[in-house]
Each structure stands twice: as structure tokens, then as C-alpha cells.
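Take a look at the structure set out below.
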Amino acid sequence: MQVTSPNGQPLAPQKRTAPPPPLSVIHAEALYRPRPPVGYDDDGYPFEDSKVAQSSRHDTVLADFRVAAFALVVDQPDTMVHRNLLILFEQGNPRAAVEPDVTVSHGVGRHDRKSYKLWVEGKPPDLVIEGLSESTWPRDVEVKPALYRDLGVGEFWQFDPIGRTPNPLSAAIA
């Protein structure tokens with residue numbers, strides 16, 4: 001049976017296009033890779049593993065960034081500042097996760113959370129800071145910025161204490 005328009009003209013069949021792949025597929029290289037043993041919340045999403053700091057310098061710098069960020073928002077009780085808190089971005093897919101070094105989110109409160117689930121929080125973080133280390137810098141520079149952009153992160157900054165980029169502190173996405 002041929003479909004026709006209201007004036008009787010035959011209509012060409014419409015091509016169906018497949019939906020775009022989920023962000024976890026597009027940005028597979030940026031995803032968090034837990035090291036066993038891994039702790040899971042009651043919903044089956046990871047929130048902790050046995051990763052250790054990349055170096056004492058990396059750990060110190062990121063601790064300083066977290067303290068400085070918190071000092072700027074200490075009088076804003078609805079603003080969360082965290083270090084190494086997983087961002088989970090596809091409900092039902094515990095592998096769709098990325099672990100930024102420092103995260104700042106306005107309007108989500110400071111309550112205790114095991115991870116930052118976008119579908120629970122209702123918004124992406126406002127600021128993400130990644131500190132480059134010898135083991136993480138290629139992913140932090142080449143892979144993660146596109147994922148953070150696609151998630152809608154407001155600002156993404158990279159701090160490079162190891163000299164792998166031209167600028168020690170730079171905005172990676174606008």
C-alpha cells in the first residue's frame with residue numbers, strides 16, 4: 001500500500017535514522033577504570049576503589065585546589081566541592097563514569113554523597129579541575145575535555161605541574 005499526501009501525491013518512505021550512541025560509547029576512552037576491590041552503592045554504582053595517588057606532588061596540589069575552591073564558596077551552603085568524586089552520567093550504566101580530580105557544583109547542597117549522579121543532582125558540575133600526572137596526562141589532555149564539554153560542565157581547567165603542556169594552568173573548554 002502506497003502512502004499519499006492529502007492532495008493524492010505519493011509520499012516517499014521516510015528513512016529512519018538510528019539514535020546517536022550514548023556518551024559512554026562516544027567517550028569510552030575517558031571513562032573511569034576502577035581498580036579492585038571496588039565499593040558499590042545500593043543501586044550498583046561504583047564509588048570507591050583501591051587507586052592510590054599518582055604522586056605526592058599531584059596529591060598535594062589537588063588538595064590545595066580543593067581547599068582554595070572551598071574557601072571561595074564557604075559562605076554558599078548549597079555549593080559542593082569534592083575531590084575524586086565519581087560523576088555518573090547514564091542512569092542504569094555503572095560504567096558510564098568519570099573521576100575528576102576536583103569538582104565544584106553550585107545549587108546541589110553539601111550533603112554526603114558517594115558519587116555525583118547527574119540524574120539525581122539535576123545538573124553537571126560547574127567546574128572540574130584535572131591535575132596532570134605522568135600516568136594521567138594523555139587522557140586528561142586529549143580525551144576528557146570532550147566528555148566534560150558534552151556533559152555540559154561549565155568550566156574545565158587543567159593544572160600541569162609536570163610540564164607536559166605549554167601552560168601550567170589552562171582552561172581546556174569554554
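The values are calculated or read from the model by the stated rules, or taken from the named source; none is laboratory data. Everything quoted here is computed from the prediction, not taken from an experiment. All Cβ positions, glycine included, derive from the backbone under ideal geometry; neighbour counts span all protein chains shown. Ligands, DNA and RNA are stripped out before the accessible areas are found, and what is left, the full protein with its side chains, is counted by its heavy atoms. Shrake-Rupley method; radii C 1.70, N 1.55, O 1.52, S 1.80 Å.
Tabulated results
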| read-out | value |
| --- | --- |
| Helix-only mean residue ellipticity at 222 nm for the chain, each DSSP H run of n ≥ 4 adding -39500 (n - 2.57), per residue, nearest 500 | -6000 deg cm²/dmol |
| Note, ³J(HN,Hα) from phi for segment 63-79, Karplus 6.51, -1.76, 1.60, rounded to Hz, x at Gly and Pro | 4, 5, 4, 5, 4, 5, 5, 5, 4, 6, 10, 4, 8, 10, x, 8, 9 |
| Cβ-based charge dipole, the chain, positive-most Cα from L85, P20, P46 | P20 |
| Using alpha carbons only: equivalent-ellipsoid semi-axes of segment 131-174, gyration tensor based, whole Å | 18, 11, 7 |
| Residues with amide H under 5 Å from that of F156, placed H, sequence gap 5 or more | V128, A172, I173 |
| Relative contact order for the chain, counting Cα pairs under 8 Å that sit 6 or more residues apart, in percent | 18 |
| Whether segment 47-122 is rounded, prolate or oblate, judged on the alpha carbon gyration tensor where a/c under 1.5 counts as rounded | oblate |
| Qualifying trypsin sites (Lys or Arg not before Pro) in segment 95-153, DSSP loop, other Cβ atoms within 10 Å at most 15 | R95, R110 |
| Nearest-10 value in Å² for the accessible area of E142, using the 1.4 Å probe | 130 |
| Assigned charges on the beta-carbon of Lys, Arg, Asp, Glu; the chain dipole about Cα centre (debye) | 520 |
| Percent carbon-and-sulfur accessible area, the chain, ignoring ligands, DNA and RNA, probe 1.4 Å | 54 |
| Distribution of pairwise C-alpha distances over segment 1-108, 5 Å bins, in % | 2, 9, 13, 14, 15, 12, 8, 4, 4, 4, 4, 4, 3, 3, 1, 0 |
| Only Lys, Arg (+1) and Asp, Glu (-1) charged, at Cβ; segment 60-100 dipole about Cα centre in debye | 140 |
| Segment 134-153 versus segment 14-68: alpha-carbon centroid distance in Å | 11 |
| Sorted largest first, extent of segment 79-174 alpha carbons per principal axis (Å) | 37, 26, 22 |
